[in-house]
Each structure stands twice: as C-alpha cells, then as structure tokens.
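> Mind looking over this structure? Questions follow.
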Amino acid sequence: MKQLHYFLIVMSFSIGSVQAQKITKDDYKRAVSFIYDNYNNKTVFNLNTNANWFEDKSGIWFIEYSKQSKVYKTVSFSDYKVEVLFDHAKLAAALSKVMENDIKGNDLSLSNIQKTDNGNLTISIDSKTYTLDLKSYTLLIVEDEKEEENNPFETKSPDSKWIAYTKDYNLFIKSTEDEEVHQLSFDGQKHYEYASWYGWDDKMEGENGERPKRFFVNWSEDSKWIVAPIVDTRNAEKMYLLDYSIDSLYKPKLVSYYRGSPGDTTMVHVQPVFYSIETKKEVKTSLPRGTHINSVGVEWFKKSGQLLANYSERGYKKEILKQVDLNTGVEQVIVEETSKTNIDNFWFRKLEDKQKVVFLSERSGWRQLYMVDLKTDKTTALTKGNYYINAVVHTDEDNEAIYVLASGKEANNNLYHQQLYKVDFSGKTTLLTPELAHHEISFSEDGKHFVDNYSTISIPTKTVLRTSTSGSVLTKLTNANVDEALSKGWKVPETFELTAKDGKTTIYGALWKPTNFDPSKSYPIIDHSYTGPHTQVFPKTFNRGFMNQSIAELGFVVMMVDGLGTSGRSKEFHDHSYKNMENNLEDHVLAIKFLGDKYSWIDTDKVGVFGHSAGGYDAGRAMLGFPDVYKVGVASSADHDFRMEKAWWPEMYQGWPVDSTYQNASNITNAKHLKGKLLLVHGGLDDNVNPSATFKLAEALVKADKEFDLLILPSQQHGYQGEHRKYFIKKRWNYFIKYLLESEPIWNFEWE
C-alpha cells in the first residue's frame with residue numbers, strides 16, 4: 001500500500017510536469033501580438049519618430065501615433081510650435097473623391113510632403129503627387145515633368161562641354177559643341193572594361209550569362225580630368241545559385257555572380273585610370289590595382305588635378321589615404337593606419353576650404369577623431385580618452401565644428417549609450433545631449449537643427465527638436481506610449497552584467513521573460529546570438545525591448561549578451577575575436593551559467609540558441625562547439641565555413657592569408673560533435689551568404705550519421721519576406737517548443 005501511495009505521488013508530479021509544459025493557442029496569440037508588424041504603432045506607439053525636413057529649410061513634419069489616430073504634425077523654425085499640418089478629415093474627403101476610394105482621415109499614408117512657394121503643400125500617395133490647397137482643400141495632380149532623357153551609359157562633364165561614354169569596352173569623350181570624338185583608352189576588351197563598376201547585384205543567368213552592362217566615370221569639378229576605373233573579370237570565379245521558384249519553369253534557372261572567397265586571387269580586380277581632357281592622354285599614378293573588396297576610392301579636390309585616394313591592403317592591416325596631384329605626379333601619404341590585427345570601419349572627410357582632413361582611428365586603442373592639416377602635414381588628435389566614437393554625423397566647415405556620436409564618455413552612462421558632442425578644430429568638446437540615454441540623431445541639411453530620439457531599454461523614447469549650437473531643446477515632438485503593453489503584463493527586459501572570460505572585463509546583456517512569468521516555475525533559456533565582430537546586440541534603445549518578446553511568450557526566457565570580441569568598445573576588447581571567432585560564444589556560456597546560478601527559475605539543462613547570418617554561424621557553432629551546454633539550435637542563412645563566404649568579412653575578422661584558424665572555426669569540420677537538435681535554414685537565392693555552406697554542413701552531418709533538420713526556402717534571399725518569413729518564424733517557434741519546451745506545438749494558429 002505504501003508502494004502504491006509512492007507510485008501515485010510520482011505519477012501526479014509527472015502529470016503536473018506535463019501539464020505545465022502544455023502550449024496553447026493563447027500562448028501563440030500573445031506571441032503573435034509581439035511581432036513587430038503587429039505591435040509597432042498599433043499597440044505601442046512612437047517608439048521612434050522620423051522627422052522629415054522641408055526642402056525650403058523652414059521646418060519639419062512628422063507623424064504622431066495613438067490608438068485612435070495617426071496625426072501629421074509640423075514645426076516651423078520661426079516659432080518652434082507643434083501644430084497639426086492639415087485638416088485630416090478634409091484631406092481624406094478630397095483624396096476619396098479624386099482617388100475614387102474610401103480614405104480615412106485617421107489612417108492617411110502620405111509621403112514626400114513639401115511646402116510650395118504660396119504656402120500650400122505637395123503630397124504623394126499611391127505613386128501619385130498632388131498639390132493641396134490648404135484653404136479650399138482642392139487637389140491638383142502634379143504631372144511628371146518631362147526630364148531630359150538620361151542615358152545611363154554616358155555622363156556629361158560639369159561644364160556640359162563633353163560627354164563620356166564607352167564603345168567596345170574603351171572610354172571615349174565627345175564634344176557637345178562640334179561633336180568631335182576622342183578615344184582615350186585603347187586596350188579595353190570584353191571582361192577588361194574601362195569606365196565600368198562592379199555591382200553586388202550583378203547577376204548572370206544561364207550557363208553563358210552576361211554581366212549587366214555597367215558605366216561609371218568621375219569627372220573633376222572643373223571638367224579638366226576624368227577617372228574611369230577598369231573592371232577586370234578575366235580570371236574572376238563565380239558563385240552559383242539555382243532558382244527553383246519560378247512557376248512557369250520546370251527546370252531550375254542557373255544564376256551566377258562574381259564574388260571572391262577568402263584567400264582567392266581569382267577575383268574581380270579594379271584599377272583607377274586618369275585622363276587629362278586637355279591632352280586626351282592617360283596620366284599614370286602609383287595607385288594600386290585592387291580586388292573588388294579593396295579597390296581605390298577617389299575624391300576630387302576643387303583645385304584642378306588634385307584628389308584624395310583611399311584604399312586598404314589585402315588583409316585590412318594597412319589603410320592608406322593619399323593626396324595625389326596629377327599635374328606634377330606628386331603623391332603624398334597623409335594618413336597611414338597599421339594594425340597587427342585589422343583596421344575596421346576607417347572613415348575620413350575632407351574639409352577642403354580649410355585645407356583639413358578629419359578621420360577616425362583606433363591608433364590610441366580607442367576610436368577617436370583626428371585632423372590632418374594639408375598645408376603642414378601635421379596630424380592632431382582632436383579627441384582623447386577611453387571612449388568610442390561611433391560616427392561623425394555632421395561637419396560645419398565654416399564654423400569649424402564637427403559633430404560626433406560617442407559612447408562611454410560620460411561616467412554615469414551605460415558604455416553602449418551614445419551621446420552627441422560638438423568638437424571644434426582645437427579639440428574643445430561640448431556635450432549637446434546631456435540626458436543619460438542612447439541618442440539617435442538626424443541633422444538638418446544646413447546643420448542648424450537636429451532631431452533626437454533618446455531612450456534606454458527601460459526609459460521610453462522621447463523625441464525632441466534641438467539646436468545644434470548648444471543642444472538646447474526647442475520643442476518636444478512625441479513620447480512613446482506603451483500603456484496597452486503594460487496592461488497586458490509586459491515588462492521591460494532585465495539588464496545584467498558579469499565578468500568576461502578574461503576575468504576582468506565587465507560585459508552586458510539583457511533578459512526577456514514572458515508576460516505571464518511565474519518565478520515558481522522553471523524556464524528553458526534561449527540565447528539569441530549575433531557575435532559578428534562588426535556590431536553589438538545589447539539593447540540600447542527602448543524599441544529594442546520588444547525584439548525577443550514574441551518567442552519569450554511561448555514559455556522561454558531569452559538572453560542577448562555582448563561578449564569579448566564585439567564592437568563599440570576598446571580595440572583590445574574587439575581584438576579578442578580576431579582569428580578566434582570559434583570562441584566568441586565562451587562569454588555566452590559564462591552568462592548562461594551566471595544567470596542559472598542567480599535565478600532558480602532558469603533551467604540551464606535546457607538551453608537553446610538561434611541566430612541569422614553571422615548569428616546563424618553562432619547557432620551552429622554553439623551546437624557543435626559547446627554540445628553539452630546548448631541542446632536545441634536554429635541556424636538561419638548562416639556562414640558555416642568562412643572559407644566559403646564573401647571575402648571581405650572573414651578576411652577582416654578571421655585574417656588573411658587563410659590559415660588553420662579557418663579550419664578550426666568551421667562548423668562543417670566540427671559536424672561530428674553534434675549531440676542536440678539542430679535546424680538548418682537557408683534561402684535558395686541568398687547572394688549574400690551563399691547557401692552552399694549550409695548544404696555542405698548538411699552533407700557533413702549525414703556522413704557523421706547525425707540527425708538534424710533542414711529547411712530551404714527556394715525563392716528567398718538573405719532575409720525572408722512575406723509568407724516565407726511567417727513560415728520560418730512558425731517553424732523556429734515550434735522547433736523550440738517541441739524539443740526544448742518538450743511540448744506539442746500547434747501549426748495552425750492566427751497571425752493577426
């Protein structure tokens with residue numbers, strides 16, 4: 001009897017456990033409600049407000065959303081008052097009449113709104129443009145002006161005296177005054193083409209498909225010089241795709257494109273070639289012939305025959321910025337960046353009237369702002385410190401001011417939260433956005449004003465208009481409203497910090513929980529990963545607080561963390577991933593253990609992972625490199641072997657030449673280590689991350705006798721669209737429900 005009593009107790013616990021794991025349509029309903037298209041400006045409002053600048057520089061227009069309305073508003077720079085831009089009901093009635101459709105005043109979809117000279121507006125809707133009389137609310141359609149027919153395969157000089165074009169792959173110029181023709185190049189041929197350019201989307205169809213015709217020249221401002229790049233595809237190898245998605249075809253269509261892989265020499269090569277219009281002769285320089293991933297960029301100075309040329313050496317360990325004088329043949333290096341690892345995101349801007357060049361460099365160990373005086377060749381550090389400049393967003397040459405977004409400068413702010421600073425030519429730095437938050441900035445063309453969307457993961461977005469002279473708030477535009485989400489139990493994600501694998505550095509992450517979270521229960525944890533070294537994933541803004549909520553609603557807690565090797569901090573921090581991307585997840589494993597030790601409701605025996613692109617590599621790497629930690633993974637559009645990737649990304653972060661570290665990092669060569677459940681997903685027409693690596697990983701898993709799942713979306717590219725996106729989300733959700741939550745998933749549920 002005692003034994004039977006014990007058996008019944010065990011059975012009751014087992015049944016209770018199964019019941020606790022049951023998934024319902026209500027769970028899916030909550031998950032669907034937190035998909036971006038279903039919540040943005042439908043249940044949560046004004047998470048980020050886009051301001052549009054009137055071309056006459058008189059003000060801005062923007063949209064304020066609420067549950068009941070969508071209101072177009074404006075601010076005039078004459079008084080900085082927020083006003084309704086037009087009478088929505090009257091405009092809707094007028095549009096309904098001219099479009100013969102029922103247009104609602106609280107759901108207008110307008111674009112390209114501009115002021116007219118007489119104080120009225122032009123608006124665009126459904127690919128048509130109208131003039132709106134703000135007194136009578138009459139609409140007149142704006143007829144498309146017949147522009148001079150633009151031939152994409154020729155370019156007129158700035159003084160309109162010459163037309164550049166190609167014939168038989170060579171460069172010609174023709175006088176517009178007497179139509180006299182001059183041939184400038186003579187050795188062009190098919191696949192060795194002057195005045196061309198290499199395009200990412202250059203697709204070739206069929207076995208002998210032709211690359212689309214391309215034309216490009218760059219005239220100097222005074223029309224006395226021209227640069228015409230040679231694009232050399234003679235020895236370039238292709239990547240291939242098969243398009244199975246065309247309903248009218250019963251054989252797949254072969255699609256190819258030129259794209260070098262790491263270490264390849266058989267790539268598209270590009271060489272800048274310069275000509276004097278006066279002599280009709282080529283002017284030689286020492287600028288190098290590069291591949292399509294490190295070709296020379298050219299910017300003309302106003303001074304005749306002078307230019308800046310920028311290029312990196314293969315492997316990205318050296319970056320060169322040269323000043324070239326075609327008149328004298330003198331070439332002078334004005335910036336030379338070198339690194340033992342890589343030089344990532346080199347940026348510069350010439351300030352010609354002041355004879356300066358500003359650039360961003362990590363030479364000090366942190367990304368800072370520097371200035372070169374072109375008269376003296378002296379380089380000065382305009383900013384100094386242990387913080388990171390994310391971008392230069394505006395330069396005011398006349399007032400000698402440079403506006404930068406930097407993170408980690410203010411002691412009390414999160415290391416990833418950027419603020420706007422004004423830096424003058426002497427290096428004096430002024431903080432313009434003092435709020436301890438992450439600031440997203442949009443400048444007016446004249447630089448006098450900027451719009452600031454600022455928030456944190458826990459502080460709702462405020463959008464304001466500010467003056468660039470002091471940063472003072474001129475007027476408030478919108479505030480985020482999440483009352484409806486809060487009423488349904490939504491809470492902002494919890495942020496956390498821990499010590500990284502080096503034993504000294506603090507790293508940051510965030511945790512999403514379901515709205516029906518119960519701390520007495522146990523939840524599997526899912527790592528949403530993207531350790532691609534060119535970015536970071538810590539949710540800096542309030543709108544990012546919703547990004548993992550949908551999958552959390554299905555009974556999971558979801559983690560995102562930035563470990564050593566990601567961007568936005570010191571060069572030393574970033575370099576942890578160099579030639580070492582197979583170990584990028586070590587800090588994620590530490591974070592999972594840290595959270596499991598901290599919270600009894602996290603079940604670290606049930607760990608999932610998903611990611612897309614470089615995050616898809618992470619998901620595969622997690623399952624193969626850390627198989628005792630990660631039990632279920634979904635890897636979509638992943639670069640599973642960097643040797644099969646487009647060349648620039650792996651060569652930047654895994655190094656060049658290709659060495660044994662590529663083999664070590666490959667998911668394909670580690671396929672034998674799979675223990676858990678892995679779903680591989682790829683778009684059949686992905687020309688960013690070619691699907692071949694996913695197929696090759698599948699082959700390796702078969703050879704290793706490993707059970708796995710494979711989903712190919714034949715018509716999709718790198719990102720999945722429309723019904724295919726929904727299908728993929730459903731598949732990913734249900735994969736985790738079945739294998740991590742150990743519950744029976746539901747396939748047919750409502751998406752709206």
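> Lys and Arg at +1, Asp and Glu at -1: add these up for the other residues within a Cβ distance under 14 Å of I343 and post the number. Don't skip to the end; give the middle numbers.
On the way: positive: R314, K317, K318, K340, R363, R367, K571; negative: E313, E319, E336, E337, D344, E362, D575, E651.
Net charge around I343: -1.
> Determine the share of the stretch 297-372's accessible area contributed by carbon and sulfur atoms, expressed in whole percent, with a 1.4 angstrom probe.
Numbers: 1290 of 3000 Å².
The C+S portion of the solvent-accessible surface of the stretch 297-372 is 43 percent.
> I would also like to ask the following. For a test of understanding, tell me how many lysine pairs in the stretch 74-160 have Cα atoms under 19 Å apart, given they are 8 or more places apart or on different chains.
Lysine pairs satisfying the spacing and distance rule in the stretch 74-160 number 12.
> Can I ask one more? In the full protein assembly as shown, how much of E494 is accessible to a 1.4 Å probe, in Å² to the nearest 10?
50 Å²
> Follow-up question, since we're still on this one. Computed over the Cα atoms of the chain, what is the ratio Rg over Rh, Rh following Kirkwood?
Numbers: Rg = 29.1 Å, Rh = 29.5 Å.
Looking at the chain, the ratio lands at 0.98.
> Please list, by residue number, every one of the chymotrypsin sites (Phe, Trp or Tyr not before Pro) in the stretch 173-225 that is coil in DSSP and has at most 13 other beta-carbon atoms within 10 Å. Intermediate values should be presented prior to the final figure.
Details: sites: F186, Y192, Y194, W197, Y198, W200, F215, F216, W219, W225; in loops: F186, Y194, W197, Y198, W200, F215, F216.
Qualifying residues, ordered by number: F186, W200.
> Given a 1.4 Å probe, how much area per residue of the stretch 68-160 is accessible, in Å²?
67 Å²
> Could I ask something else about it? GluC sites (Glu not before Pro) within the stretch 254-350: which are DSSP loop residues with at most 13 other Cβ atoms inside 10 Å?
Working: sites: E278, E282, E299, E313, E319, E331, E336, E337; in loops: E278, E313.
Of the GluC sites (Glu not before Pro), the ones in loops of the stretch 254-350 whose Cβ has at most 13 other Cβ atoms within 10 Å are E278.
> How much accessible area per residue does the stretch 250-337 have, in Å², with a 1.4 Å probe? The partial results should precede the final answer.
Numbers: 3720 Å² over 88 residues.
Per residue, the stretch 250-337 has 42 Å² of solvent-accessible surface.
> Residues with amide H under 5 Å of W225's amide H, sequence separation 5 or more or different chain, H placed in the peptide plane at 1.01 Å from N; which?
S220, I277
> Skip the ligands, DNA and RNA, and give the accessible area per residue of the stretch 654-742 with a 1.4 Å probe, whole Å². Don't skip to the answer; put the middle values down first.
Values: 3880 Å² over 89 residues.
Solvent-accessible surface per residue comes out at 44 Å².
> Further question: Across 5 Å bins from the origin, how do the percents of Cα pairs in the stretch 394-534 run, short distances first?
Once binned at 5 Å, the Cα pair distances of the stretch 394-534 give 2, 8, 14, 16, 16, 14, 12, 9, 6, 3, 1, 0, 0.
> Let me ask another. Say R0 is 25 Å: what FRET efficiency, to the nearest 0.05, do V181 and D222 get from their beta-carbon distance? Show your work: numbers first, answer last.
On the way: r = 22 Å, r/R0 = 0.87.
Step by step, r from the Cβ atoms, then E = 0.70.
> About the Cα centre of the chain, how large is the charge dipole given +1 on each Lys and Arg Cβ and -1 on each Asp and Glu Cβ? Please answer in debye to the nearest 20.
2180 debye
> Expressed as a whole percentage, what fraction of the accessible surface of the stretch 118-228 belongs to carbon and sulfur atoms when a 1.4 Å probe is rolled over the protein heavy atoms?
Details: 3070 of 7010 Å².
Answer for the stretch 118-228 is 44 percent, counting heavy atoms of protein chains only.
> Can you give the three extents of the C-alpha atoms in the stretch 532-590 along their principal axes, from longest to shortest, in whole Å?
37, 23, 15
> Mind grabbing the accessible area of Y530 for me, 1.4 Å probe, Å², rounded to tens?
We get 60 Å² for Y530.
> Right, next: Starting from the Cα-Cα distance between D424 and E237, subtract it from 0.36 nm times their residue separation and give me the gain in nm to one decimal. Each step should come with its number before you reach the end.
Details: separation 187, 0.36 × 187 = 67.32 nm, distance 4.81 nm.
Full extension of this stretch gives 62.5 nm more.
> Ignoring ligands, DNA and RNA, how do S522, S339 rank by accessible area with a 1.4 Å probe, largest first? Write down the numbers at each step before the final one.
Values: S522 60, S339 30 Å².
Solvent-accessible surface, decreasing: S522, S339.
> Leaving ligands, DNA and RNA out of it, report the carbon-plus-sulfur percent of the accessible area of the stretch 673-746 at a 1.4 Å probe. Write down the numbers at each step before the final one.
Numbers: 1590 of 3310 Å².
About 48 percent, which is the carbon plus sulfur part of the accessible surface.
> Determine how large the accessible area of H292 is when every protein chain is in place; take a 1.4 Å probe and give Å² rounded to the nearest 10.
Answer for H292: close to 30 Å² accessible.
> Taking the C-alpha atoms of the stretch 465-617, how large are the radius of gyration and the largest Cα-Cα span, Dmax, in Å?
For the stretch 465-617, the Cα radius of gyration and maximum Cα-Cα distance read 17.6, 55 Å.
> Could you order I63, I123 so the one with the most accessible surface comes first? Probe is 1.4 Å.
On the way: I63 30, I123 0 Å².
Result of the area sort, largest leading: I63, I123.
> Take the alpha-carbon centre of the stretch 158-210, take the same for the stretch 303-356, and report the distance between them in whole Å.
27 Å
> Going through the stretch 97-199, which trypsin sites (Lys or Arg not before Pro) have at most 14 other Cβ atoms within 10 Å and a DSSP loop state?
Working: sites: K97, K104, K115, K128, K135, K146, K156, K161, K167, K174, K190; in loops: K104, K135, K146, K161, K190.
The qualifying sites are K104, K135, K146, K161, K190.
> How far is the Cα center of the stretch 214-229 from the Cα center of the stretch 104-147, in Å?
About 38 Å separates the Cα centre of the stretch 214-229 from the one of the stretch 104-147.
> In addition: Starting from the residue with the highest accessible area, list R544, R466, R234, R314 in decreasing order, probe 1.4 Å. Write out the running numbers ahead of the final one.
On the way: R544 85, R466 5, R234 120, R314 50 Å².
These residues rank, largest area first, as R234, R544, R314, R466.
> Continuing with this model, one more query. Label T279 and Y36 with points 7 Å out from Cα along Cα→Cβ: what is the distance between them in nm?
Label-label distance for T279 and Y36, simple model: 5.4 nm.
> What are the equivalent ellipsoid semi-axes of the stretch 619-722, built from the alpha-carbon gyration tensor (square roots of five times its eigenvalues), in whole angstrom, biggest first?
Working: eigenvalues 81, 76, 25 Å².
Equivalent ellipsoid of the stretch 619-722: 20, 19, 11 Å, largest first.
The values are calculated or read from the model by the stated rules, or taken from the named source; none is laboratory data. The shown structure was predicted, so the numbers you read here are calculated from the model rather than taken from an experiment. As a convention, Cβ positions derive from the backbone with ideal geometry for all residues, glycine included, and neighbour counts pool all protein chains shown. With ligands, DNA and RNA removed, areas are computed over all heavy atoms of the protein, side chains included. Shrake-Rupley method; radii C 1.70, N 1.55, O 1.52, S 1.80 Å.
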